[in-house]
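S.K.: Questions regarding the structure given below will be posed in turn.
The values are calculated or read from the model by the stated rules, or taken from the named source; none is laboratory data. Keep in mind it's a predicted model, so treat the numbers as computed, not measured. Glycine gets a Cβ as well: all are built from the backbone with ideal geometry, and neighbour counts include every protein chain shown. To get the accessible areas, we keep the full protein, side chains included, count just its heavy atoms, and leave off ligands, DNA and RNA. Shrake-Rupley method; radii C 1.70, N 1.55, O 1.52, S 1.80 Å.
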Amino acid sequence: MKKNSVVIYKNSPALVTELADGDKFVVTWCASRATDTGKKAVYATQKVREKDVLLLSEDGATNLDAVLSFGDSASAEGSAVRNQIAETHELLLSDEETAATPMDFAELASLVRGDLKADESWGLYAAIKASLSFEEKILDGHIQFLPRPAEVIAALQAKQNEKDHAEEYRAAFIQRLRAGKLNLPEDAKYMGDVEAFALGKSDKSRTMHDAHVKETPERAHKLLLDTGMWSITRNPYPSRCGLSMKSASEGLASPPEEERTEVPGISYAIDSQWSHDPDDAIAFDGTYLWVHIADPASTVLPDSSIDKAARGRGATLYIPEGASRMLCEDSLEDYALGLRPKSRALSFRITLDENGDIADCAVLRTIVTVERLTYEKADELKDSPQLSPLFAIAKRNAQRRQKAGAVQISMPEVHISVEPETKKVLIESRRETLSAEVVREAMILAGEGAARFAFKNGIPFPFVSQEAPDIPKDLPQGLAGQFRLRKCMRRRTVSVTPSQHAGMGLGMYSQVTSPLRRYGDLIAHEQLRAFLCGRPLIDKETMLMRMSEGDAAALATRKAERSSNTHWTLVYLLQNPDWTGEAVCVDKQSKQSVFCIPSLGMETVIAGLPDVDLNGKITVKPSKIDLPLLEVTFAPC
């Protein structure tokens, strides 16, 4: 390195001003450039090694001021340099070999300027970089440049132009947004914050603020619909509730090899035609009622990574688009019942006395043979030797609970599905079946039996309770009565202390029949298995904390499910603008009445219909649909 050589130090021009001993030398460099206000450049000195700088010219420069002054962009000299760079670039591109070969800065400079002077080296280097015509490459401490193709230069220029005029372009976009006329897909890049706000991924939107649109998720949703960014089939509610649309990712280990009781005969997993995760099966062997439940707790240990992930989800999310499972999708093959010739289960072996009460409940690790049936098929087989005892047990248990004050509410339900490709919505009424009642009563018996087993053995357990409702004496008949009865019900509570579940007519109860899809059931299974295996139990305080976390997550899941179902119901009405349906009056007030629409599974308020009696029927049609607000107004046809 020679004295007064021009180098680049910290991306700024510098001169070698002193040659030091060894491998170091001193440079004077431009620490701060001159400004338009007359402020002078600030120079500094620094002792450096050769590896710290990049050489531009070894010829001696006059001084640093001269180096900085050459090729100013506003000068005629600067304009001439830019033209020379463009001509050189065009010349190099015309030859395939030179177009594909990087060349050293000195070689390129000689093509641009002929005899390069040291005072011109920094200005020329800066001009080449600013031109975008060449791509800079640093190889072994040497500066090289490769000619860029014309299409690459055009793209870079467009990007630079957008950056230079960013505020101007954004202002024009805001005007288009306020007019509801975006240029898509070009304007989509400006709408990212609106989309994030609508999905609950941020708590504010600069774009909405600048467009003078009130910052609410609903208004963001409307903006995305009005501008064509979203279609009506975009469902934001799982994301808005902080939920993932993907199932848990961590796979469960294969069920452990352990001693299990093989239950003879066939047990039946009875479920809807839409079920893909059977987690319970029932049978009666002449002595015992068997309720077999999927056994993921055989491998999911308390506070393991899988347990924590399940607790964070609270429950499997079921929405019309599909399911986002609490446990890994792959776990179904090993743990759901009836998907293999033999299934592993945690089974509740229940002994009933002559009055139908539970005389005893044993909890066993079992191997069972399970046959899957739909509700409709099970109804057809209700008089068969295999199923008729189950129907009888269910009927007697329902009567027992009713005598104890149980409240049974039956409101119309529907199943909503979305065709994946076309996004067409289908709504089907859920048929009432006798076998659904059989399954419900068997699950209630299992929950009661599990609660008694835990209490008897001093196991800290998630007991579910509910205070008795205040039911009016003049309860109407029909749907109107069911509607009012539902309004009377108290919220359930979960505690480690058993208490009455008045709604079910039980002295104590727990939910244990869905460990694949409810965290409360999974932690109950973890506790039962720990007891059976002689492992330490989860203490009461820890149990309460984990139950609370799981319940909070499950609450978000239920909210997302309700909102999603309403969303897709409104999409169904938008897809079927000529829809009409029957509505049943379930409540009358002074100026308005509440109607249930069975075919949609919805309730609505209609004003000004004094002549419709309770349980009276009218035909309605939607008169106004506000998808972002999840609101629909119905009117009589």
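S.K.: Give a quick list of chymotrypsin sites (Phe, Trp or Tyr not before Pro) in region 214-287 that DSSP marks as loop, anything other than H, G, I, E or B, with at most 16 other Cβ atoms within 10 Å. Display every interim value, and only then the final one.
M.R.: Details: sites: 230, 268, 274, 284; in loops: 230, 274.
Filter output for region 214-287: 274.
S.K.: Estimate the FRET efficiency between residue 179 and residue 623 by the formula 1/(1 + (r/R0)^6), using the beta-carbon distance for r and 25 Å for R0, to the nearest 0.05. Working shown, then result.
M.R.: Working: r = 28 Å, r/R0 = 1.12.
Efficiency computed from Cβ-Cβ geometry: 0.35.
S.K.: Let me ask something else. Among the trypsin sites (Lys or Arg not before Pro) in region 560-603, which ones are in a DSSP loop with at most 10 other Cβ atoms within 10 Å of the Cβ? Mind listing them?
M.R.: Numbers: sites: 562, 588, 591; in loops: 591.
Sparse-neighbourhood loop trypsin sites (Lys or Arg not before Pro): 591.
S.K.: Can you give the calculated 222 nm mean residue ellipticity of the chain, where each DSSP H run of n ≥ 4 adds -39,500 (n - 2.57) and the sum is split over every residue, rounded to the nearest 500 deg cm²/dmol? Walk me through the numbers on the way to the answer.
M.R.: Values: 19 runs with 227 residues, N = 637.
The helix contribution divided over the chain gives -11000 deg cm²/dmol.
S.K.: With a Förster radius of 30 Å, plug the Cβ-Cβ distance of residue 110 and residue 65 into 1/(1 + (r/R0)^6) and report the FRET value to the nearest 0.05. The partial results should precede the final answer.
M.R.: Details: r = 25 Å, r/R0 = 0.82.
With a Förster radius of 30 Å, E is 0.75.
S.K.: Give, as ranges by residue number, the residues of region 223-250 whose backbone N falls under 11 Å from the point 7 Å along Cα→Cβ of residue 188.
M.R.: From region 223-250, the list is 229-230.
S.K.: Please enumerate, by chain and number, the lysines with C-alpha under 20 Å from the C-alpha of residue 395, excluding those fewer than 8 residues away in the same chain.
M.R.: Cross-link targets: 377, 382, 403.
S.K.: At a 1.4 Å probe radius, which order do 266, 153 fall into by accessible area, largest first?
M.R.: Working: 266 80, 153 20 Å².
From most accessible down to least: 266, 153.
S.K.: Starting from the 7 Å offset along Cα-to-Cβ, what nm value, one decimal, do you get for the label separation of residue 457 and residue 158?
M.R.: That separation, rounded to one decimal, is 6.9 nm.
S.K.: Once R0 is set to 22 Å, what does the formula 1/(1 + (r/R0)^6) return for the Cβ-Cβ distance between residue 542 and residue 467, expressed as a FRET efficiency to the nearest 0.05? Intermediate results must be reported in sequence, preceding the final value.
M.R.: On the way: r = 26 Å, r/R0 = 1.20.
It comes to 0.25.
S.K.: What is the percent carbon and sulfur in the accessible area of the chain, measuring with a 1.4 Å probe over the protein chains and ignoring ligands?
M.R.: Numbers: 15800 of 32410 Å².
Of the solvent-accessible surface of the chain, carbon and sulfur hold 49 percent.
S.K.: How much length, in nm to one decimal, is gained on full extension between residue 474 and residue 426, taken as 0.36 nm per residue of separation minus their Cα-Cα distance? Please report the intermediate quantities before stating the final value.
M.R.: On the way: separation 48, 0.36 × 48 = 17.28 nm, distance 3.80 nm.
Length difference between fully extended and current span is 13.5 nm.
S.K.: I've got another one for you. Any idea what the relative contact order of region 1-115 is, in percent, if you count C-alpha pairs under 8 Å spaced at least 6 apart?
M.R.: Working: 162 pairs, mean separation 25.3, N = 115.
Dividing the mean separation by the residue count of region 1-115 yields 22 percent.
S.K.: Within 10 Å, count the other beta carbons around each residue, average over each peptide in 47-53, 319-325, and list them highest first. Mind dumping the intermediate values first?
M.R.: Values: 47-53: 14.7, 319-325: 19.1.
Descending mean neighbour count gives 319-325, 47-53.
S.K.: With a cut-off of at most 16 other beta carbons within 10 Å, and DSSP calling the residue loop, which trypsin sites (Lys or Arg not before Pro) in region 222-251 qualify? Please list them. Numbers along the way, then the final one.
M.R.: Values: sites: 222, 234, 240, 246; in loops: 234, 246.
Passing sites in region 222-251 are 246.
S.K.: Could you report region 204-360's accessible area per residue, 1.4 Å probe, as an integer in Å²? Spell out each step's value before the answer.
M.R.: Numbers: 6960 Å² over 157 residues.
With all protein chains present, region 204-360 gives 44 Å² per residue.
S.K.: Net charge near residue 476: determine it from the other residues with C-beta under 13 Å of the C-beta of residue 476, scoring Lys and Arg +1 and Asp and Glu -1. Please report the intermediate quantities before stating the final value.
M.R.: Values: positive: 473, 484, 486, 487, 588; negative: 474, 587, 613.
Counting the neighbours of residue 476, the net charge comes to +2.
S.K.: What is the angle, in °, between the Cα long axis of helix 478-488 and the longest principal axis of the Cα atoms in the chain? Nearest 10 is fine, range 0 to 90.
M.R.: Tilt of helix 478-488: around 70 degrees.
S.K.: Taking the chain as the reference, fit the longest principal axis to its C-alpha atoms, fit the long axis of helix 434-456 to the helix C-alpha atoms, and give the angle between the two in degrees, 0 to 90, nearest 10.
M.R.: Helix 434-456 and the main axis of the chain meet at about 90 degrees.
S.K.: Place a +1 charge on the Cβ of each Lys and Arg in region 226-274 and a -1 charge on the Cβ of each Asp and Glu, then give the dipole magnitude about the Cα centre in debye, rounded to the nearest 20.
M.R.: On the way: 4 positive and 7 negative charges, 103 e Å.
Taking the Cα centre of region 226-274 as origin, the dipole is about 500 debye.
S.K.: Solvent-accessible area of residue 62, probe 1.4 Å, all protein chains present, reported in Å² to the nearest ten, please.
M.R.: Spelled out: residue 62, probe radius 1.4 Å, area about 100 Å².
S.K.: State, to one decimal in nm, how far the label point of residue 262 lies from the label point of residue 249, with both points 7 Å from Cα in the Cβ direction.
M.R.: 4.1 nm
S.K.: If you average the sequence gap of Cα pairs under 8 Å that are 6 or more apart and divide by the length of the chain, what percent do you get for the contact order? Intermediate values should be presented prior to the final figure.
M.R.: Working: 1195 pairs, mean separation 64.1, N = 637.
The value is 10 percent.
S.K.: Around residue 549, under 12 Å between beta carbons, what's the net of Lys plus Arg minus Asp minus Glu among the other residues?
M.R.: Working: positive: 308, 311, 313, 546; negative: 303, 307, 551.
Result for the local shell: +1.
S.K.: Related question: Under a point spin-label approximation (7 Å from Cα along Cα-to-Cβ), what is the residue 582-residue 413 distance to one decimal in nm?
M.R.: About 2.1 nm, to one decimal.
S.K.: Hey, another quick one. Roughly how many Å² is the accessible area per residue of region 412-542, as a whole number, for a 1.4 Å probe?
M.R.: Values: 6320 Å² over 131 residues.
Normalised by residue count, the accessible surface of region 412-542 is 48 Å².
S.K.: Still on this structure, please answer the following. Could you rank the peptides 291-303, 469-481, 347-359 by their average count of other C-beta atoms within 10 Å per residue, with the highest value first? Could the numbers behind the result be given before it?
M.R.: Numbers: 291-303: 23.5, 469-481: 12.9, 347-359: 16.6.
For the peptides 291-303, 469-481, 347-359, the packing ranking is 291-303, 347-359, 469-481.
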